[in-house]
Amino acid sequence: MAPPIYSALIISLGLGTTMTFASTHWYLAWMGIEINTLAIIPLMSQNHTPRATEATTKYFFAQATASATLLFASISNAFLTGEWDILQTPNTLTSSLITLALAMKIGLAPLHSWMPEVMQGLSLLIGLILSTWQKLAPLYLIYQIQPTNSNIFITLGLLSIIVGGWGGFNQVQLRKILAYSSIAHLGWMILILSFSPPLALLTILIYLMMTFSLFSSFMLTRTTHINSLATTWAKIPILTISTPLVLLSLGGLPPLTGFMPKWLILQELTKQDLAPIATLAALSSLFSLYFYLRLSYAMTLTMPPNNPAGTLPWRLNTRHNTTMMSLTTTSTICLLPVTPAIMALLPF
Amino acid sequence: MTPAHFAFSSAFMLGLAGLAFHRTHFISALLCLEGLMLSLFIALSLWTLQFDSMNSASMPMILLAFSACEAGTGLALLVATTRTHSTNRLKNLNLLQC
């Protein structure tokens, strides 16, 4: 793609999210979200393959519907209460409709069906932007709604954790696995949103870090299938150590960082007398752990059937810029002992 | 719920149902999307007219601009889909299944 067009699209992506973050009026927030959607569509279909075009089409329909519903709910709220302010959205039917529209934006169950197919059709870099940057603006809006009625959030959260785990069970395509992992983690985030918004913020930040690290590992070796994951030992041997640790952190195992949000969420839910929901969430995330473990197994614990020493690959001189990847991988593995400091930093 | 609110709400719901249950062609989904945007345009114009507030008079026009952009994007995707999938039937979008 020509550099001026490419930079215009990237700047528009930044502009859209910034507009939504800076707004107190629902209309301006909607405009920022629309700019984000419009800016990423050419980026998604830039190589004009059939899969990319199909993924872009499905993404466009899902996001356009969700944006229109968001604006409709805001206008209805204005007609009913006279308020356009985001922080003054009272707890009515329109607030629930806004929540559902934003849930469709970020791909929470039961509004998640576009997510795996769209991720499958994209390149890993654009999939990374989709999983991380595109989620920021809707999440900020959901964070600001601050409801008192928690039923819809608990339903969305539990369904997302179950669907995210169960859906990824039989997948061998890495991008679909990443999509289902995104659904599950956002489910954990929205589960705790009505009880403790700072914990939801912590969950989303740690999820963004972990998924950046995993995407970067896959981008280094250009793998999109479990079969090609198994050849990582020959290309970049250090990845066979770091990526399984990142995967287990995504699965939420102590002593890795991914345990931190799950632990704090289970503690908060128990304090709110919702122990059965906490149990259900914890047990459902075992499904996700299964496919993370399968990826680690394929990467680290399998032996190729031929003579390993006799099949050295071509060591072409490529320039990998691994700064961000090493930062996020280190944070994904080592941050659990710093939990008290992080909790002191968040506004509890 | 005032009659005006009911009017644009039902128009929106009809368009949303059309978008959700379209069965054959891509272009009918795009038309329903335009119908959604039209009902929202009417809603914002009614807001300005009923409450005589000049503050929000620009909202329908900005909505029109964004809606036109979205329509253009949708049509470009229609053309791209027809080029890569040889048809605009929605059943042909099946490359990315599990």
For residue A:74, state whether it is of a type in the set (S, T, N, Q), open to solvent by 10 Å² or more (accessible area, probe 1.4 Å) and not in a loop (DSSP other than H, G, I, E, B).
no
If we scan segment A:205-218, do we find a residue that is open to solvent by 10 Å² or more (accessible area, probe 1.4 Å) and more than 19 Å from residue A:292 (Cβ to Cβ)?
yes
Which numbered condition trips up residue A:23, out of (1) within 14 Å of another protein chain (Cβ to nearest Cβ); (2) open to solvent by less than 20 Å² (accessible area, probe 1.4 Å); (3) part of a helix (DSSP H, G or I)?
(3)
Does segment A:140-159 contain at least one residue that is under 12 Å from the mean Cα position of the chain (by Cα), part of a helix (DSSP H, G or I) and crowded, with 18+ Cβ neighbours inside 10 Å?
no
Candidates A:250, A:256, A:264, A:269 - the one that is hydrophobic (A, V, I, L, M, F, W, C), outside any helix (DSSP H, G or I) and touching a residue at least 24 places away in the same chain (Cβ under 8 Å)
A:256
Check on residue B:45, in a helix (DSSP H, G or I), farther than 26 Å from residue A:122 by Cβ and of a type in the set (Ser, Thr, Tyr):
yes
Only residues that are charged (D, E, K, R) and either more than 7 Å from chain B (Cβ to nearest Cβ) or open to solvent by 30 Å² or more (accessible area, probe 1.4 Å) (or both): list them for segment A:26-64, please.
A:51, A:58
The lone exception for residue A:87 - which of (1) over 19 Å from residue A:157 (Cβ atoms); (2) of a type outside the set (Gly, Ala, Ser); (3) not in a helix (DSSP H, G or I) it fails
(3)
Here is a check on your reading of the model: is residue B:83 among the basic types (Lys, Arg) and in a loop (DSSP other than H, G, I, E, B)?
no
From the set of residues in segment B:1-60 that are open to solvent by 20 Å² or more (accessible area, probe 1.4 Å), of a type in the set (Phe, Trp, Tyr) and under 25 Å from residue B:76 (Cβ atoms), which is nearest to the other protein chains (Cβ to nearest Cβ)?
B:41
Looking only at segment A:160-183, which residues are among the aliphatic types (A, V, I, L, M), touching a His at 6+ places or on another chain (Cβ under 7 Å) and open to solvent by 20 Å² or more (accessible area, probe 1.4 Å)?
A:163, A:172
Any idea which of (1) touching a strand residue (DSSP E or B) at 6+ places or on another chain (Cβ under 9 Å); (2) within 11 Å of another protein chain (Cβ to nearest Cβ) is the one residue A:86 doesn't satisfy?
(2)
Which listed residue is over 22 Å from residue A:6 (Cα atoms), under 18 Å from the mean Cα position of the chain (by Cα) and charged (D, E, K, R), from A:83, A:117:
A:117
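The values are calculated or read from the model by the stated rules, or taken from the named source; none is laboratory data. Just so you know, these numbers come straight off a predicted model, no measurement behind them. Methodologically, a virtual Cβ is constructed for each residue, glycine included, from the backbone with ideal geometry; neighbour enumeration extends over all protein chains shown. The protein model used for the area step is the full one, side chains on, heavy atoms only, and it has no ligands, DNA or RNA in it. Shrake-Rupley method; radii C 1.70, N 1.55, O 1.52, S 1.80 Å.
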